[in-house]
Structures are given as C-alpha cells and as structure tokens.
Amino acid sequence: MAWLTPTPAAGGWLWDFGNGLGFVALAFILVLSLEPGRSRLHRPLAWLAVSAAVVHGGYLLVLDATLLEYLKPTMPPYMVAGLLALVLLALSTLASGKVRRRIFPGQRAFRRLHWTLSAIVIAGAGYHVAGSAFYINEGHQIALVATLLAVFAAWPRVPGPTRWMLRPYSGSSHGWLLARRVLAVLAVVSLVLVVPRNL
C-alpha cells in the first residue's frame, strides 16, 4: 500500500527498521483476526503483537531520545491512538487467560467485549500509522488501508461456515503458518520501501 505514492524522504536504515517493527506488530494484530480465539495459538500470537509493539516504541526511544516529547500530555493524536491500541491489546490479552473465567461467567459477553476491544485496537493502530504520515500519507493510501483494516476487524463476526476460505489447513500449526506468510510478505514489502528510500 505504501508504495502507491512517490517515495517519501528517508529516515535512515535504523529509523526505517524501528518503524518496521511497528508494522510487524500490526501484522500480528491482523493475523489475530484470522486465527480463531479457540485456537491455542491465538494468545501466543497476541503476546507476539504486544512484544513487537513494545520493542517498536522502545527501540525508537533509544534511537532518538527527543521522541520522549511525543509521550507528554501534548502528544499528537496519532500517538494517543497508538498508545491506546497497545494498552487495550495488552489488557485484552491478559484478560483472555484464566482471568476471563473469573470476570466473565459466560463466553458470549466476553466474545462481544473482546471483539469490540480488538476493533478499537485495529482502528487505533491504523490511525497511528496513517497519522504519523511517514509511509502512508496520501488520500488513496489512507482509503485503501482503512478498507483493509475494516475487513480484518469485521472478519471475526462473519458466520463460521465461510471461514474455510482463510483456513485451508487443519491443525494447530495454521496460526504460525499464517503468521509466517504475513511476515514474509511484510518483509518483501519492507525491502521495496526501505531500500529505495536509503540508497
């Protein structure tokens, strides 16, 4: 998506790598929409998303300490959205373990709340990416990304029988296989984006 506009100014290899970690976190978040919550891989994938997001932020802070300005109360809205997405992702992941059985006696209420939080996380992460305007900064890019994220957010609410289209493999290895494929595509796209920017 980000290659559909003229190549923006480079931030350097290290800067692009740090932002790439954020895209890795977003990729894991989107994979979670495709991997059913009943899967034993759903929660580990969620923790991978949390870890990638935390490393993304920590790495950039170490790289450039002036970014601490973006953590003050005067931070721009896209930073608020990113931090909110991270907090809700972590809370949602924590609450999906044994804690869920103590808070939610039934699964229906939990699933409804979990989906709502997931949709907010996807929207917040998407706004964080688009609002920073580092890679996605044109109208058609934003529209394409918003549409894609809306599809991922809505997918868990699609009736089960149609999901075979995205679950061609049975067994517990599906989540890791899907995650590897998404990350492989992301790696190729990253090379296409980062290399021309830094030559």
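The values are calculated or read from the model by the stated rules, or taken from the named source; none is laboratory data. These figures come from a predicted structure and were not determined experimentally. Virtual Cβ from ideal backbone geometry, glycine too; neighbours counted across all protein chains shown. In case anyone asks, the SASA skips ligands and DNA or RNA and just uses the protein heavy atoms, side chains included. Shrake-Rupley method; radii C 1.70, N 1.55, O 1.52, S 1.80 Å.
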Apply 1/(1 + (r/R0)^6) to the Cβ-Cβ distance of Val80 and Trp13, taking R0 = 30 Å, and write down the FRET efficiency to the nearest 0.05. 0.60
What figure in square angstrom, to the nearest 10, would you give for the accessible area of Phe28 with a 1.4 Å probe? 20 Å²
Using the alpha-carbon centroid of each, what span in Å lies between region 123-151 and region 41-78? 18 Å
Could you put Arg157, Arg40, Arg111 in order of accessible surface area, largest first, with the 1.4 Å probe and the full protein assembly present? Arg40, Arg157, Arg111
With a 10 Å radius around each residue's Cβ, average the other Cβ atoms per peptide and rank 139-148, 113-122, highest first. 113-122, 139-148
Solvent exposure, largest accessible area first (probe 1.4 Å, DNA, RNA and ligands not counted), of Glu35, Glu69, Glu138: Glu69, Glu138, Glu35
